[in-house]
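Peer 1: Structure below; questions to follow.
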Amino acid sequence: MPAKKATKPAVAAPDAEKDTVAYEVRGRIAWVKFNRPDKRNCMSPALNRQMMRVLDALEYRDDVGVLVLGGEGSAWSAGMDLKEYFRETEAAGLGAVRQSQRESYGWFRRLRWYQKPTIAMVNGWCFGGGYGPLFACDLAFAAEEAKFGLSEINWGILPGGGASKIAAELLSFRRAMYHAMTGEMIDGRTAAEWGLVNEAVPLAKLEARVAEVAAMLLEKNPVALKATKDAIRRVREMTYDNAEDYLVRAQEAANSFDNDGRKEGIRQFIDEKSYKPGLGAYDASKRSSG
Ligand code: ACO
């Protein structure tokens with residue numbers, strides 16, 4: 001864990017929640033871990049809230065270029081917490097159920113569109129709701145020994161929380177159906193063969209392989225990386241022509257990322273008082289010397 005400043009901790013959280021997620025920044029890589037090993041890292045509302053806080057704290061740090069999501073102990077994540085996420089929130093009523101869904105879906109979504117490249121490092125069990133963060137990460141590497149399963153059917157629900165969508169996105173139709181309808185587990189090697197993860201390596205080599213891939217990403221232009229990862233996710237649902245158009249515009253937006261025209265517009269109104277934005281446009285021929 002990083003050293004905490006006495007006055008302003010990096011991640012302010014209630015005591016009962018802060019240990020559910022562990023993280024440290026080493027060599028420009030944020031190594032984040034589900035940290036409920038005794039509960040096989042299943043996702044409780046407390047963990048979901050804390051994960052959002054940790055993602056918030058790391059996203060725009062200058063010393064973070066890549067985020068890796070791993071799991072402490074024998075699991076990556078045993079999915080949603082059947083007691084705290086399902087049974088207890090259901091007992092508390094619909095409002096509590098919806099709130100816990102917002103909290104989990106919220107950080108999955110945040111991770112899908114994260115500013116920095118993300119890598120899932122799947123060290124062990126990955127079930128059900130765990131497919132949300134798995135898909136949210138741009139790349140995924142698994143231990144050959146890891147086990148993946150859409151176990152929802154085994155306890156009587158459908159693969160929700162995005163899991164059905166993820167299976168249909170990442171797997172062939174027949175594999176998605178089989179995986180979801182039987183609840184049968186596959187190991188890391190099969191997960192790689194099926195396209196659920198990029199690659200599987202022996203557990204003992206997993207962290208080194210992930211560090212190697214992260215190092216490759218750290219050498220790339222970060223603006224281009226963000227534009228690229230968003231492009232790959234966005235174009236999946238576009239027609240060819242829409243994708244072509246989107247990509248032209250996304251590239252141009254990325255090119256002008258440092259465009260300071262807006263700043264000049266604000267300067268002429270606030271500092272120079274030479275125009276009023278409500279009444280007309282700023283003088284684009286002038287450039288701030290500062
Ligand atoms: N929800 C709540 N508690 C869980 C979960 C879970 N998803 N997974 C594990 N735990 C708890 C166990 O209840 C146990 O708690 P206890 O020590 O207080 O009794 C502890 O974690 C350890 O679990 P074990 O079952 O003893 O661990 P083991 O290593 O033998 O088995 C395994 C691991 C296979 C992951 C097993 O725990 C399991 O099947 N978990 C549920 C997996 C699952 O189907 N998740 C739901 C997916 S569907 C969805 O997410 C929507």
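The values are calculated or read from the model by the stated rules, or taken from the named source; none is laboratory data. In this text, all values refer to a predicted model and were calculated from it rather than measured experimentally. No Cβ is skipped: glycine too gets one built from the backbone with ideal geometry, and neighbour counts run over all protein chains shown. The accessibility values were calculated without ligands, DNA or RNA, using every heavy atom of the protein model including side chains. Shrake-Rupley method; radii C 1.70, N 1.55, O 1.52, S 1.80 Å.
Peer 1: Given the structure, is Gln115 touching a residue at least 40 places away in the same chain (Cβ under 8 Å) and in a helix (DSSP H, G or I)?
Peer 2: Against the criterion (touching a residue at least 40 places away in the same chain (Cβ under 8 Å) and in a helix (DSSP H, G or I)), Gln115 does not qualify.
Peer 1: So, in the stretch 53-95, of the ones that are free of Cβ contacts under 8 Å to residues at least 40 places away in the same chain and within 16 Å of the ligand (Cβ to nearest atom), which residue ends up most open to solvent (accessible area, probe 1.4 Å)?
Peer 2: Arg87
Peer 1: Let me ask you something else. Suppose we keep only residues that are outside any helix (DSSP H, G or I) and open to solvent by less than 20 Å² (accessible area, probe 1.4 Å) within the stretch 170-194. Which one would you say is nearest to the ligand (Cβ to nearest atom)?
Peer 2: Gly183
Peer 1: Considering only the stretch 191-233, how many residues are more than 30 Å from Trp125 (Cβ to Cβ) and touching a helix residue (DSSP H, G or I) at 6+ places or on another chain (Cβ under 6 Å)?
Peer 2: So the answer is 3.
Peer 1: Right, here's the next one. Could you go through the stretch 98-106 and let me know if any residue there is surrounded by 23 or more Cβ atoms within 10 Å (Cβ to Cβ), assigned by TED's automatic domain parsing to the domain that holds Ala214 and aromatic (Phe, Trp, Tyr).
Peer 2: Taking every residue of the stretch 98-106 in turn, none turns out to be surrounded by 23 or more Cβ atoms within 10 Å (Cβ to Cβ), assigned by TED's automatic domain parsing to the domain that holds Ala214 and aromatic (Phe, Trp, Tyr).
Peer 1: Would you please name the residue that is farthest from Pro117 (Cα to Cα), looking only at residues in the stretch 238-276 that are at pLDDT below 95 and in a loop (DSSP other than H, G, I, E, B)?
Peer 2: Asp260
Peer 1: Please state which of the following conditions Ala136 fails to meet, knowing it meets all the rest: (1) in contact with a Phe, Trp or Tyr (Cβ under 9 Å, 6 or more places away or on another chain); (2) free of Cβ contacts under 8 Å to residues at least 40 places away in the same chain; (3) more than 25 Å from Val235 (Cα to Cα).
Peer 2: (3)
Peer 1: Let me ask something additional. Which one of these does Val25 not meet: (1) in a loop (DSSP other than H, G, I, E, B); (2) touching a residue at least 24 places away in the same chain (Cβ under 8 Å)?
Peer 2: Condition not satisfied by Val25: (1).
Peer 1: Still on this structure: Step by step: first the residues of the stretch 123-169, then only those that are assigned to a strand (DSSP E or B) and in contact with a helix residue (DSSP H, G or I) (Cβ under 7 Å, 6 or more places away or on another chain), then the one that is surrounded by the fewest Cβ atoms within 10 Å (Cβ to Cβ). Which residue is that?
Peer 2: Leu139
Peer 1: Then there's this: Do any residues in the stretch 231-260 that are over 27 Å from Leu170 (Cβ atoms) have Cβ atoms under 6 Å from those of residues that are part of a helix (DSSP H, G or I), where the two are at least six apart or on different chains, and which pairs are they?
Peer 2: Final answer for the pair search is Phe257/Val223.
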